[in-house]
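All remarks here apply to the structure that follows.
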Amino acid sequence: MAKHMDMNRIISIIALGTALFALPSQALAKTPIEGQWKNPKGSVVVRVAACGTAYCGIVVDASAKAKATARKGGTQSLVGTLILSDVRAQRDGSYKGHAFDPKRNIHAPATIRLQGQSILVIRGCVLSGLICKEQRWTRVG
């Protein structure tokens, strides 16, 4: 009888351990905006990933022309630059955060929407929404 109780206890401990190991993998499931995206000209690639409790986008590749344009705007090293920051999911399925335009050296509030699985629409506005710019990024790979 004692062996039977010990076996049940061992099975319970194994089941609990398995359940605990399964939790982190569910918490780390990728969101639809995570991945690598290229700008409309194909001159910049941005990796969107979790950054703490929000998401961010960092330039991981850029053409020579894009790098030169960014330098003219005041961004010395385009690769590694934080383009999207503090991006958080909204109830309507969109995301809100901040965008940086290295060409103009402007930071602006941004709204991000996913169209299908392969288009990310980023809209940034300045001057209380009087001037807005929108780009459609395409998923890479």
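Bear in mind these aren't lab numbers, they're just calculated from the coordinates by the rules spelled out. Here the structure is a predicted model, which means the values were calculated and not measured. Ideal geometry is used to build each Cβ from the backbone, glycine not excepted, and the neighbour counts take in all protein chains shown.
General remarks:
- Label point distance in nm, Cys51-Arg71, each placed 7 Å from Cα along Cα→Cβ: 2.4
- Peptides 37-50, 72-85 ranked from most to least packed by the mean count of surrounding Cβ atoms within 10 Å: 37-50, 72-85.
- Other residues lying with their Cβ under 12 Å from the Cβ of Thr138 contribute a combined charge of +4, Lys and Arg counting +1, Asp and Glu -1.
- Rounded FRET efficiency, nearest 0.05, which uses the C-beta distance separating Leu130 from Leu82 and R0 of 22 Å: 0.30
- The calculated pair-distance distribution of segment 35-139 uses every alpha carbon pair, bins of 10 angstrom beginning at 0, and gives 16, 51, 31, 3 percent.
- When you count the other C-beta atoms within 10 angstrom of each residue and take the mean per peptide, 55-67, 90-102 line up highest first as 55-67, 90-102.
- Taking 15 Å as the straight-line reach from the Cα of Lys67, the aspartates and glutamates in range (excluding those fewer than 8 positions away in the same chain) are Asp101.
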